Amino acid sequence: MKSGLFFSVFFAAVSAAPARAQGIALPSGGGVRNFLSAAGNMEVPAPAAREAGFAPRSGDGDSAWSMSSFSSAADGLEISYKYRKGGGAKRQPPLVFIGGLSLQEVYETVFAVEGAPARDEYCLWMRAHSPTGWKYTRSLFDYDALDMARLINIAARESGSGKVTLVLHSYGTMLFQRMMQLGYNGDVAAAIGHLSGTRVILSNGVTHKNNVFVPQLWESYMMASNLDKFVLWLDGSDDYAEYWKHAAETNPAIAMPTNFNYAVWRVQRQNSIMAATKQGADMSIADLSEPWDDPDIEPVRASLLRTVRQNAVNPDWREALLRRSYNTSHANFDGNDMELLKNSGIRTVWVATTKDQLLPWASTKFLMQHLGMDAPKETPEAGSSFKNSEGTAEMRIFDGDHYFPLKHPREFLKLIYSDK
């Protein structure tokens, strides 16, 4: 192929970004309010460094937390987490906290009002959430699940208890379901063993099952379809660009135009992702922008707002937001998976809220039915609770919105330390 013709074909192919990617859902735990905005020209700011001196708050002072990391079983990436020792009886199951799609620090107010913890506590930063870095992957859902399993195993071993109480929010609840599907993996099998006989607390959770149509979620289905189109275009363009990049390495005649067009594509790719995820990132910021009435947790909100703003200008964080949304829209937790969960010895305690701005009641209703519970047609009153016939799953209704752990930390602490 002559270099001039190649230049035209290559540029046309990788420049064919949709002029407008309308209505693509980037759900925070399956919600429908985050949409891809028009993917047009925009300036992408350089990633901001994490705020100097930032440290998570705790009731016992920042020094109570220690930082550590582990090498991911998936690809060797260093995954960061923090931990602190509890002051209660030894060999108590530690608590492992894993947050949502856009906000890993959703438990910071819980830590702030808790003071010195009764049990050891571990909290993960998933990929692309600073201080954890990023490696490109299209299998982010599975990699996140393997990282979750490894932290569970670390907590079980270091505490000496052999058991772990897992606390999850939003995207984390989907991640738990995916981890259960990967039980053939050695790390995952060990993690499931550490959870057996204990509780997993899942706040503002969601599930997904193929070939099930819920009329009230029609808008979500359409957004997921548009999300598919965008990601398929992105991945196809990546593959095409990489093909010609490798071809140019062995053909000097096309090296110059190829390398130029590849550089153009990388810039356009970043701009498209940043534009596509803009509204989702803006909503995460907006959710933290309103001051809270509780003076004990208001400083935490201000700190988290700075953290989310810093993350939101990071192209890696934005691509992770896109990939996780796409992966979860293709998740399939069927009846066999739910039977496996029932027979695992793990008791799940689910939390739903009366004013969840991201998850309509139809979504929670489907989750309850999938777990074997009788679900009311409309959102029940706060204080209601439901169980399946086996007693392995429970749904509790609280007053609040999608960020229940963040905005109602004292109620959430009571739930964590309740044995009921």
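About its Cα centre, the dipole of the range 104-215 is roughly 380 debye, where the only charges are +1 on Lys and Arg Cβ and -1 on Asp and Glu Cβ. Note that the range 144-156 has calculated 3J(HN,Hα) couplings of 4, 5, 5, 5, 4, 4, 5, 5, 4, 5, 4, 5, 5 Hz, one per residue in order, obtained from phi through the Karplus relation 6.51 cos²θ - 1.76 cosθ + 1.60 (θ = phi - 60°); glycine and proline are x.
Ignoring aspartates and glutamates fewer than eight residues from LYS278 along the same chain, the ones with Cα atoms less than 14 angstrom from its Cα are GLU43, ASP316, GLU319. Projecting the Cα positions of SER325, LEU358, MET368 onto the charge dipole of the range 309-377 (unit charges on Cβ atoms of Lys, Arg, Asp and Glu, taken about the Cα centre) puts LEU358 furthest along the positive direction. In terms of distances greater than 30 angstrom between alpha carbons, the cross-link table entries LYS135/LYS387; LYS135/LYS229; LYS82/LYS414; LYS135/LYS245; LYS377/LYS407 yield LYS135/LYS387. Positive end of the charge dipole of the range 192-322 (Lys, Arg +1 and Asp, Glu -1 on Cβ, about the Cα centre): tell me which of ASN251, PHE230, SER289 has its Cα farthest that way. Projecting each Cα onto the dipole axis, the largest value belongs to ASN251. Under the classification rounded if a/c is under 1.5, otherwise prolate if a/b is larger than b/c and oblate if not, where does the range 297-356 fall, given a ≥ b ≥ c as square roots of the Cα gyration tensor eigenvalues? Since a/c reaches 1.5 but b/c is at least a/b, the shape of the range 297-356 is classed as oblate.
Along the range 198-204 the Karplus relation, 6.51 cos²θ - 1.76 cosθ + 1.60 evaluated at θ = phi - 60°, assigns HN-Hα couplings of 10, 9, 10, 9, 10, 9, 6 Hz to successive residues, with x for each Gly and Pro. Sorting 282-291, 137-146 by average packing, meaning the other beta carbons within 10 Å per residue, from highest down gives 137-146, 282-291.
Electrostatic bookkeeping for ASN153 treats Lys and Arg as +1 and Asp and Glu as -1; over the other residues with beta carbon under 13 Å from its beta carbon, the sum is 0.
Overall, the range 160-307 carries a charge dipole of about 380 debye about its Cα centre when +1 sits on the Cβ of Lys and Arg and -1 on the Cβ of Asp and Glu, all other atoms neutral. Under 5 Å from the amide H of GLY115 lie the amide H atoms of GLY59, ASP60, each residue being 5 or more positions distant or on a separate chain, with H modelled from the backbone and absent for Pro and chain starts.
Just so you know, all these numbers are worked out from the coordinates, no wet-lab data involved. What you see is a predicted model, and the numbers here were worked out from it, not measured in a lab. Glycine gets a Cβ as well: all are built from the backbone with ideal geometry, and neighbour counts include every protein chain shown.
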